[in-house]
Structures are given as C-alpha cells and as structure tokens.
1. Hey, what do the phi angles of the stretch 96-103 turn into as Karplus ³J(HN,Hα) couplings, whole Hz, using 6.51/-1.76/1.60 and θ = phi - 60°, x for Gly and Pro?
2. What percent does the relative contact order of the chain come to when contacts are Cα pairs within less than 8 Å and at least six residues apart?
3. In debye, nearest 20: dipole of the stretch 7-218 around its Cα centre with unit charges on the Cβ of K, R (+) and D, E (-)?
4. Which number do you get for Rg(Cα) / (2.2 N^0.38 Å) in the stretch 144-188?
5. Work out, step by step, the length gained on full extension between Arg207 and Ala37: first 0.36 nm times the residue separation, then minus their alpha carbon distance; give nm to one decimal.
6. Mind ordering 92-104, 48-60 by average Cβ neighbours within 10 Å, highest first?
7. Kirkwood-based Rg over Rh for the chain (C-alpha set), two decimals?
8. Which whole-Hz couplings ³J(HN,Hα) result when phi for each residue of the stretch 112-117 is put into the Karplus expression 6.51 cos²θ - 1.76 cosθ + 1.60, θ = phi - 60°, listed in order with x for Gly and Pro?
Amino acid sequence: MAESIRWDWLERHRDDLVRLTLEHVQLTVVSVGIAVAIAIPVGIAVRNRPIPFLAAGLIADVLYTIPSIALFAFLLPFTGIGATPAIVGLVAYALTMLIRNTVVGLRAVPRPVRDAALGMGLTARQTLVRVELPLALPAIFAGIRLATVSTVGIATIAAFVDGGGLGELILNDGIQRQMFLTPILAGTVIATVLALTLDAVLIVVERRLTPWTRARGAT
C-alpha cells in the first residue's frame, strides 16, 4: 500500500520548509543573474562573428551535456562543498540558452532599422543600446525564462554537495531515510510551484519592459 502524506511532519518542519525554499530561490536567482551578466556581453560580442559564435555555443553545449552530479563532483576539489560549486555548475548550465537567445534576438533586428538609427546620427554603441537590445528583449527574456525554470529543477541536485535548497528535502530527508515519501513530495511540489511563480514574475517584468509588443499585438 502506498505511503500516505505525513501532514504532521510537514507541520513540525514548517520553518525548515521556508528556509530551504528561500535557499533555493537564492541559488536560482544568483546563478541566473551571473549567467545573464556573462551571456549577454558574450552574445553581443559574437553576434556578427560566425566562428566565435560557434565556439561559444560549442563550449556552452559541452558544459550543458555534462551530468549535473558529475560536474558538481568535478568542482569540489577547486571550490569545496557548499553553495559555490552549486552556483558555478548552475551558471554553466544556464549559459547555453542565454547566449543563443541573445544572439538570435540581436540578429532578428531588421537591418533597415539599424541603418536608420545610424543614419540619424547614432553611433554603433548607441544603436546597440537604444535600438538593438530593446528589440531583442523578447528573445532574451525567453532565454532567461527557460534558464530560470531549468535552474530551479537542476538546483535540487545541489544537496549532493551540501549546497542547500529543496534538494535537502528530497535527498537528506527523503531518499536517505528509506524513501520517506512526504519530504520527497514536498520538495518536488514546492520546486514546481517555485518554477511556475518565477516564470510568471519574469513574464510580468518582460511586459513592463516591452510595452510595444502589447501594443503591436492589440492591433
């Protein structure tokens, strides 16, 4: 017979659930933030250079294909246990979709639009900041949303390197206690809700930053 949910266990560990959820949010936000800070400048630098773009994409793809536990274990001799190897690994996984979406968004800006901006006297840097990046925001945000949702899931593996987060519920309180179902389900459900919530927040932020897309959709 399947094990029933131990509601009393959840009630007794309410503070732990809140603490681990906040740790998971921190792992996700910090990792995605660092990845965005790396990926957007890289995407800008390689957007018109096929060979550097292929090289950057290849490196990111190779990192993404490494199993998360193996990558975290490889980092341990250099970083020790804790949040650091978890964040480094999560940043590496997020880079692939962020670099690609940045480049795709920038390349999708129509050439006549760029030429018009230059013709109005804007420098190449001003054109990038005032025209190209704003028009590329929907694609960039699509990458950020994908990276965020993916990071929430992968971050549960951080428990294997003592990185904190909801993985502690699944691994330490669940799997290592003879498959105690209650914390496993709690960690899974909270992580799923967290991913959906962060995605919804990013959708709102994107809409606030790109009001012209709503106006265009209403016509």
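1. Coupling constants for the stretch 96-103: 4, 5, 6, 5, 4, 5, 5, 5 Hz.
2. 27 percent
3. Values: 17 positive and 13 negative charges, 251 e Å.
Computed charge dipole of the stretch 7-218: roughly 1200 debye.
4. Values: Rg = 11.0 Å, N = 45, 2.2 N^0.38 = 9.3 Å.
My calculation over the Cα atoms of the stretch 144-188 gives 1.18.
5. Working: separation 170, 0.36 × 170 = 61.20 nm, distance 2.08 nm.
Value of the extension gain: 59.1 nm.
6. Values: 92-104: 23.4, 48-60: 13.8.
Answer by packing, highest mean first, reads 92-104, 48-60.
7. Rounded to two decimals, Rg over Rh is 1.08.
8. With coefficients 6.51, -1.76 and 1.60, one gets x, 5, 5, 4, 5, 5 Hz.
The numbers here are math on the coordinates, done by the rules we state, and not lab data. Quick caveat, the model's predicted, so the values are computed rather than measured. When we count neighbours, we look across all protein chains shown, and the Cβ atoms used for this are built from the backbone with ideal geometry, even at glycine.
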